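Visitor: Before I ask anything, let me first share the structure, which is written out below as structure tokens.
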Amino acid sequence: MNFVGIGYDVHRFVEGRPLILGGVEIPHSHGLDGHSDADVLSHAVADALLGAVGERDIGQHFPNSDESIRGISSLEILRKVAALLKSRKARLINIDATLIAEAPKINPHVAQMRTRIAEALQIPPARVGVKATTNEGMGFLGRGEGISAMAVASVDVPE
């Protein structure tokens, strides 16, 4: 049976950290604040996948109270989520995700993000959609205080 999950994540900008999106380091004056590498794109994808198989969010699987995973690569989180799906004999059909940010420019990095996410999930890059938009200057995203991401995952789960 085909199931769909949705994911959303948001992190605020901070100084002194690299900006990681979709497993790619993006040149920017600020990075994102978080317990892991704060990759909002990968976090939204992970939540969408977990939701598609009826699991709770990544905060339950990778809690920020667990010091052993401080600074973990979000691609590693995706690998662990993919292993969970595989253990249930679930097959990932596709991912579609959108980043919302005023800056930096995302489109020059989309192909590499798709490749990195696909590698972590062990699927072809053609099954990973990554898009970007702005918040048209409105709200905390529009003021450039952070970045958010939304994702949808389609997963075939055996009965």
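We did not get these values from a lab; they are worked out from the coordinates using the rules stated. What you see is a predicted model; the values in this text were computed from it and never measured. Note that each Cβ is placed from the backbone with ideal geometry, even for glycine, and that neighbours are counted across all protein chains shown.
Visitor: Can you compute the helix-only [θ] at 222 nm over the chain? Use -39500 (n - 2.57) per DSSP H run of at least 4 residues, normalise by all residues, nearest 500 deg cm²/dmol.
Guide: Details: 5 runs with 47 residues, N = 159.
So the calculated ellipticity at 222 nm is -8500 deg cm²/dmol.
Visitor: Work out which helices of the chain, taken as complete DSSP H runs, extend at least 15 Å along their axis over the Cα atoms and score a mean Kyte-Doolittle of 1.6 or more, then list them.
Guide: On the way: long enough: 40-52 (18 Å, 1.47); 74-87 (20 Å, 0.72); 110-121 (16 Å, 0.26).
TM-like helix candidates: nothing returned.
Visitor: Hey, another quick one. Report, in debye and to the nearest 20, how large the dipole of region 2-156 comes out about its Cα centre when Lys and Arg carry +1 and Asp and Glu carry -1 on their Cβ.
Guide: 560 debye
Visitor: Next up: If packing is taken as the mean number of other Cβ atoms within 10 Å per residue, what is the order of 61-67, 18-24, 46-52, highest first?
Guide: Order by mean packing, descending: 46-52, 18-24, 61-67.
Visitor: Could you pull out every one of the lysines with an alpha carbon less than 21 Å from that of LYS131, ignoring same-chain neighbours closer than 8 positions?
Guide: LYS105
Visitor: Another question about this same structure. Restricting to bridges with both residues inside the chain, how much of the DSSP beta-bridge set is antiparallel, in percent to the nearest 5?
Guide: If we restrict to bridges inside the chain, about 80 percent are antiparallel.
Visitor: Does the chain come out rounded, prolate or oblate, given a ≥ b ≥ c as the square roots of the eigenvalues of its C-alpha gyration tensor, rounded meaning a/c under 1.5 and, failing that, prolate meaning a/b above b/c?
Guide: prolate
Visitor: Further question: So for region 96-159: antiparallel DSSP bridges make up what percent, rounded to the nearest 5?
Guide: 50 percent
Visitor: Where Lys and Arg each count +1 and Asp and Glu each count -1, what net charge lies around ARG17 among other residues with Cβ under 9 Å from its Cβ?
Guide: Counting the neighbours of ARG17, the net charge comes to -3.
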